[in-house]
Amino acid sequence: MPFRQWLRSANFAIEGILHAAKTQRHLRYHFFSAAAVLILSYILGVSRTEFLIIALSVIAVLLAEMFNTAIETIVDIILPEHSEKARIAKDIAAGAVLITAFGVAVIGYIILFPYLRDSFHKGLYITKHSKEEISLIAFIIVLILVVITKAYFGKGLPLRGGMPSGHSALAFSVWMAITYMTENFIISLFSFMLAVIIAQSRVITKAHSPWEVILGSLMGVSVTFLLFRIFS
């Protein structure tokens, strides 16, 4: 598949995510919850296996909510008028989300409760992580915040236009992560220049306004900097 065609397909896919996040209040709550649970897991210092289980559980809830949205949309197209069968189909789809969310809540309780109990008795201690792990969680959190913010403003395509610039946010998040990981001025300067070029290209191609690029850059830098200060 040519790169331009792949990029177009990715744009449509991400547009679907943003549309669901913009129109479905519960999906926005799930995104907020996902970010909160992932950060809490990092703070408590769950094992890698446990973190993987939590991450997969979070993905399952998001997927279930998006499938529910897709099913509701299809039902409304096929049966625009009130129908008992349409109501049953929507209720079943919503029930699938409820079962998934309940199961994930149980999994989260089983994994996180012992850590929360120890924190209650011994005091909260923020677990330190490797720079690679912090870089990964920073990238994920920035991406989630970009999706939520774009859904809130509801303007532009996911990969072109809208507040904020996702390219700039991720580019400057990567620059900040590289700076902390390498602690090398030359490498940091080089990655900073690349981030600036990416951000500038969004303005030159008129994909974003300068204000959208600046806010995206600040989002990427501030979130990544804060996570490195907390966990390193």
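Miscellaneous remarks
- Test: residue in segment 57-67 that is exposed (fewer than 14 other Cβ atoms within 10 Å of the Cβ), without any contact (Cβ under 8 Å) to a residue 40 or more places away in the chain and within 17 Å of L145 (Cα to Cα): yes
- Test: residue in segment 6-18 that is of a type in the set (K, R) and under 21 Å from V147 (Cβ atoms): yes
- Restricting T69, T49 to those that are in a helix (DSSP H, G or I), among the polar types (S, T, N, Q) and at pLDDT 90 or above reduces the list to T49.
- A35 vs. criteria in a helix (DSSP H, G or I), touching a residue at least 24 places away in the same chain (Cβ under 8 Å) and within 19 Å of the chain's Cα centre (by Cα): yes
- Residue match in segment 162-182 (condition: touching an Asp or Glu at 6+ places or on another chain (Cβ under 8 Å) and farther than 25 Å from K22 by Cβ): yes
- Condition met for S168 (closer than 11 Å to V142 by Cα, in contact with a His (Cβ under 9 Å, 6 or more places away or on another chain) and touching a residue at least 40 places away in the same chain (Cβ under 8 Å)): yes
- Residue match in segment 78-89 (condition: closer than 27 Å to I137 by Cβ, surrounded by 13 or more Cβ atoms within 10 Å (Cβ to Cβ) and not aromatic (F, W, Y)): no
- Checked against the criterion of being at pLDDT 90 or above and touching a helix residue (DSSP H, G or I) at 6+ places or on another chain (Cβ under 8 Å), segment 183-190 contains one or more residues that satisfy it.
- All of R117, R28 fail the test of being farther than 19 Å from V142 by Cα and assigned to a helix (DSSP H, G or I), apart from R117.
- Residue within segment 54-74 that is of a type in the set (D, E, K, R) and farther than 21 Å from S232 by Cα present: yes
The values are calculated or read from the model by the stated rules, or taken from the named source; none is laboratory data. All values derive from a computational prediction rather than experimental measurement. For neighbour counting, all protein chains shown are included, and Cβ atoms are generated from backbone atoms with ideal geometry for every residue, glycine included.
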